[in-house]
Amino acid sequence: MMKLQESHRSGALTGAALLLLLLLFPAHFAQSTTSPSSLSEWNTPKPRHTRLLKSALQRENLKVGESDLWVPLADQGSRSCVETTTTIPNVNDDKQQLQYESSSEGFIQVFLDGGLNQQRMGVCDAVAIAKILNATLVIPHFEVNSVWQDSSTFKDIFDVDHFINVLKDDISIIQELPDEYKWSTREYYATAIRATRIKTAPVHASANWYIENVLPVIQSYGIAAISPFSHRLAFDNLPIDIQRLRCKVNFKALMFVPHIRALGDALVSRLQYPAGQTEAIGTKYLRKVNDANYNEGTGKFVVLHLRFDKDMAAHSACDFGGGKAEKLALAKYRQVIWQGRVLNSQFTDEELRSQGRCPLTPEEIGLLLAALGFDNRTRLYLASHKVYGGEARISTLRELFPLMEDKKSLATSDERAQIKGKASLLAAVDYYVSMYSDVFISASPGNMHNAVVGHRTYLNLKTIRPNMALLGQLFLNKSINWPEFQKSVEEGHVNRQGQLRIRKPKQSIYTYPAPDCMCHNSSQGDDDQEQDTT
C-alpha cells in the first residue's frame, strides 16, 4: 500500500512538473519540427490498430491484371473551358448591373495570408476583382507565413512573365507601382489607419460589394490596397466569364518558376524509373510507360499528401495516441498560437472520429491504401512538410509501403539546397509531383487537398478522396477483422476515385471546377489537357 501511495505521489509530482514547464516555456512546446515534440517523445505513440496492421502486413501482392487501381479515369464527357472574352457584356449580379470599361480606373494591391495553396487561390480572386473593378493589378504581395516563417515572394514561386503574358488580354498587370504610388507599401499600412487600405472586405463578398466599397477608393486616390485578403470573393452569382477567368489563372497562368519545375521533373523521373531500371533520358524526364507493364504498376506511383503537422493535430482536438503528455502539449500549442480562438473541443474523441473530423494518422492512411489494394511494391511519394511525431509516426506507414520516397530521399543535397527552409517552395515541388502522379490521395481535407483535387479534376486524373466518416467509424471498431475492413473500405470508395462532381452553391470553384470552368465535349472549349500550368 505504501509503495502504491508513493507511486501516486510520484505521478502527481511529474504531472505538476509538466504543467510548470508548459507555463514557464510555452514557446519551446509551440515549435513544430520534423521530430516529435519534447512532450510526445516521452510517450512515443505505438500502432493503435495492431490487429488490422498485422493482417495488412501479411497481405498478398496482386497479380498482373487483378487490380484496376492504375487504370486512368475514363472520359467523363467534359473538357477544359476557361477562355474569356476581351469585352464582357453587362450581366446581372444580385440584380444589379456590372459595367466594364476599356480604360483602367487605377491600381489594386492585395496582401495575401496563408500558405502556398491559400495564396494561390487568393491570386485567382485578385485577378477576378481587378477585372470586376477594371483596375490594374499589382503583382500580389505574399505575407510572411506566421506558422512556417516563410518569406517567399510571388516571383520566388511563380513565373511572373508567364503570368502576365497569359492574362494580358484579360487585365493589366504590373510588377511595381509607378513612382507616384511608391508610398503604398506593406510598412505604410502597418503604421496607421490609411484611407487607401480596405480592411473590411467580408469573407466571400459579392462583386457588387467591391464595386460599392473599393471602386470609390480607387477613383478617389488612384489606388486601393486590400488587407487581409483571403477567401474574399464569393463563388456564386458571378458572371460566367469572371468564373472562367479565375480558372484560367489557376490552371494556366500560375506556372512555377523554372527551377521548381526542373526539380519536380527530376523527382517524377526517379519515381517512374528508379535507379537500375532505366538509363538516364536526358532533360526530357516524362515519358509513357510500356503497355506490357501497365497493369502491374511498373513506372507508376502514388502521391500521398500526409497532412499531419502539429497545426492540424492541435486544431482537430483529436486523440492521436500520445497519452496525457501529448494532450497537454497540443492544448498549450492551441493557446499559444491561436490565443483562445481555437478552443478544446466539447466533443469526445469517439464523437469527432465518427463524424470524420479527425485527420488520418500515417498508420491509418497506410491501412486505407492497403485495403484499397495497393501492395508493398507500390511506389509511394510522401508529400508533406513536417509530420507531427516525425519518423516515430511514419514508421508504420513505411513498414506497409517500403518503397516510400520523399524529397529528401529522392533529391540530391545540391537540389534540396535551392528550397531548404522555404515551406512554399517545398509545397510547390510537392504540388508539381502530385500533378504527374498516377494516383493522388490526401490524408485530410485542406488547402493543398482542395487545390490539387480541383486541378486533377480539371485534367480528369485519378484522385482518391478518403471517406473520413466511414474510416473514423471503422477504426473505432476494435473487433473488426481485415476482410470486413477491406470490404467496407472498397465499397465506401467506389465513387470516390476522381469521378466528376458538380459544384454546389457556396462550394469552391477551385475544388469543384465543373461546371463553371468545364464544358461538355459537344460544347466549344479549349480541348486543352496539358499539365504545364503548374
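The values are calculated or read from the model by the stated rules, or taken from the named source; none is laboratory data. Here the structure is a predicted model, which means the values were calculated and not measured. Backbone-built Cβ (ideal geometry, glycine too); neighbour counts: all protein chains shown. Note: accessible area is taken over every heavy atom of the protein model, side chains too, but ligands, DNA and RNA are not part of it. Shrake-Rupley method; radii C 1.70, N 1.55, O 1.52, S 1.80 Å.
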Taking first residues from the range 483-495 that are among the aliphatic types (A, V, I, L, M) and second residues anywhere that are in a helix (DSSP H, G or I), the pairs with Cβ under 6 Å that are 6 or more apart or on different chains are Val489/Ala371
Those helices (runs of 4 or more DSSP H) completely within the range 308-406 that have 1 or more residues that are within 20 Å of Ile480 (Cβ to Cβ), in contact with a helix residue (DSSP H, G or I) (Cβ under 9 Å, 6 or more places away or on another chain) and open to solvent by 40 Å² or more (accessible area, probe 1.4 Å) are 349-354
Selection status of Leu397, in contact with a Pro (Cβ under 6 Å, 6 or more places away or on another chain) and either in contact (Cβ under 8 Å) with a residue 60 or more places away in the chain or within 28 Å of Asp265 (Cα to Cα) (or both)
yes
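For (1) part of a helix (DSSP H, G or I); (2) among the aromatic types (Phe, Trp, Tyr); (3) within 25 Å of Ala428 (Cβ to Cβ), each residue gets a yes or a no:
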residue	(1), (2), (3)
Ile218	yes, no, no
Leu233	no, no, yes
Val249	yes, no, yes
Gly264	yes, no, yes
Selection from the range 308-342 of residues free of Cβ contacts under 8 Å to residues at least 60 places away in the same chain, over 20 Å from Gly446 (Cβ atoms) and of a type in the set (A, V, I, L, M) yields Ala331
